[in-house]
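The next block holds one structure in the form of structure tokens; read it before the comments.
The values are calculated or read from the model by the stated rules, or taken from the named source; none is laboratory data. Remember, predicted model here, so these are calculated numbers, not experimental data. Virtual Cβ from ideal backbone geometry, glycine too; neighbours counted across all protein chains shown.
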Amino acid sequence: MPTEIMLNSVITCPDCGFQKEEEMPVDACLYFYECESCKTRLKPIAGDCCVFCSYGSVKCPPIQQGTSCCG
């Protein structure tokens, strides 16, 4: 039985703690993200494919599906 893919994730800035819910793209990775509060430019932590996998409450859709993300 397929698991429903979640498309929204709350990104938390590691510098200031600001949180914002964002819709994740299903066909691309979001490699950079600018915090609206402190303007820090986030990029994935080593080993993660995108900012959602590093700073989001939900991993990106390809990872949720068990496939590699955006090679």
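Per-residue answers, yes or no, for (1) modelled with pLDDT under 95; (2) in contact with a Phe, Trp or Tyr (Cβ under 7 Å, 6 or more places away or on another chain):
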| residue | (1), (2) |
| --- | --- |
| T3 | yes, no |
| T12 | no, yes |
| K20 | no, no |
| P25 | yes, no |
| Y31 | yes, no |
| E34 | no, no |
| L42 | no, yes |
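Return only the number of the condition from (1) in contact (Cβ under 8 Å) with a residue 40 or more places away in the chain; (2) touching a Ser or Thr at 6+ places or on another chain (Cβ under 9 Å); (3) in a loop (DSSP other than H, G, I, E, B) that I11 does not satisfy.
So the condition that I11 fails would be (3).
Across the stretch 29-49, what is the number of residues that are surrounded by 11 or more Cβ atoms within 10 Å (Cβ to Cβ), in contact with an Asp or Glu (Cβ under 6 Å, 6 or more places away or on another chain) and either touching a residue at least 60 places away in the same chain (Cβ under 8 Å) or not in a loop (DSSP other than H, G, I, E, B) (or both)?
Of the residues in that region, 0 qualify.
Restricting the search to the stretch 14-28, which residues are within 14 Å of C53 (Cβ to Cβ) and assigned to a loop (DSSP other than H, G, I, E, B)?
Within the stretch 14-28, P14, M24, P25, A28 qualify.
Does V26 satisfy the criteria of being loosely packed, with under 14 Cβ neighbours inside 10 Å, under 13 Å from the mean Cα position of the chain (by Cα) and among the β-branched types (V, I, T)?
Spelling it out, V26 is indeed loosely packed, with under 14 Cβ neighbours inside 10 Å, under 13 Å from the mean Cα position of the chain (by Cα) and among the β-branched types (V, I, T).
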